[in-house]
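Every number in this text was worked out from the coordinates using simple rules, so none of it is lab data. Computed from a prediction, not measured in an experiment: that's the story for all the values here. Here Cβ is always computed from backbone atoms with ideal geometry, including for glycine, and neighbour counts include all displayed protein chains.
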Amino acid sequence: MTNEGFVTAMNSSPREKCGEAVRMKMHELSQQALMLTAEINGSYHSPDELRGLMEQLIGQELDSDFGLFPPFYTDCGRNIHIGRGVFINAGCKFQDQGGIFIGDNCFIGHNTVIATLNHCMSPEERHELLPAPVHIGKGVWIGAGCIITPGVNIGDNAVIGAGSVVTKDIPADMVAVGSPAKVIKSIYD
């Protein structure tokens, strides 16, 4: 299975049975991600060097405005899609097998967790993966220590307050806070 085949399978199936080919590719990608994140996190790198390492990790060219403060963790890397002018602060953890799509000019606060996989509740089916992408619109600001759960869409320019757990979609131009996160006002209020 190719990297592209894995990403296509994970992005197109709401319920991916974890067959041998998927398991083997997931293991291979996780080993690559562990190697590259160890390099990212293991010593100082200039902004250009960090951008280059992230490009290797996600398989995508990043613009010169991309910013990352390590440490950064992911267990796949190949299903992260980053727009222009994105900044990712220290300590973020991305579980990206199901797909993470980050729009232009987003700020992601330190220690944010973005998860895109779940499992079935029944023990007999728990080995099956339930991939669901996270879509973060343009200009979104995610505060420190947030958790974004599988399948969530955050609209353009939304603000997610620090420590929030986002379990449902957040409309554009809104401020959401809490656990679970709830919209409390417009960014224009």
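Values as computed for the structure displayed
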| item | result |
| --- | --- |
| Estimated inter-spin distance, Q56 and A21, nm [label 7 Å along Cα→Cβ] | 2.9 |
| Other-chain or far-sequence residues with amide H under 5 Å of M174's (modelled H) | A158, V159, I187 |
| Gain in span if fully extended, H119 to S12, counting 0.36 nm per residue against the direct Cα distance | 36.9 nm |
| Using a Förster distance of 45 Å, the FRET efficiency for D169-L34 (Cβ separation, nearest 0.05) | 0.90 |
| Tensor-based shape of segment 23-107 (alpha-carbon gyration tensor, a/c under 1.5 rounded, otherwise prolate or oblate) | oblate |
| Residues whose placed amide H lies under 5 Å from that of D65, excluding near-sequence neighbours | G85 |
| Segment 41-147: trypsin sites (Lys or Arg not before Pro) in DSSP loop, at most 14 other beta carbons within 10 Å | R84, R126 |
| Number of Lys pairs (Cα under 21 Å; 8 or more positions apart or on different chains) in the chain | 9 |
| From the C-alpha gyration tensor of the chain, square roots of 5λ in Å | 25, 22, 13 |
| Exposed-site-free run, longest, the chain (rule: GluC sites (Glu not before Pro); DSSP loop; at most 12 other C-beta within 10 Å) | 126-189 |
| Low-density loop positions, chymotrypsin sites (Phe, Trp or Tyr not before Pro), segment 1-107 - DSSP coil, at most 10 other Cβ in 10 Å | Y44 |
| Amide hydrogen neighbours beyond the local backbone of I147, cut-off 5 Å, H modeled | V113, S164, V165, V166 |
| Fully extended contour minus Cα-Cα distance, from D156 to K185, at 0.36 nm per residue | 9.0 nm |
| Derived scalar couplings ³J(HN,Hα) [segment 134-151; Karplus, 6.51 cos²θ - 1.76 cosθ + 1.60; whole Hz; x for Gly, Pro] | 10, 10, 10, x, 5, x, 7, 10, 9, x, 4, x, 7, 10, 10, 8, x, x |
| Per-residue HN-Hα couplings for segment 184-189 [Karplus 6.51, -1.76, 1.60; θ = phi - 60°; Hz; x = Gly/Pro] | 10, 5, 7, 5, 9, 6 |
| Mean separation of Cα contacts under 8 Å (6+ apart) over length of the chain, as relative contact order % | 14 |
| Value in Å of the Kirkwood radius, where segment 80-189 supplies the Cα pairs that are averaged | 13.8 |
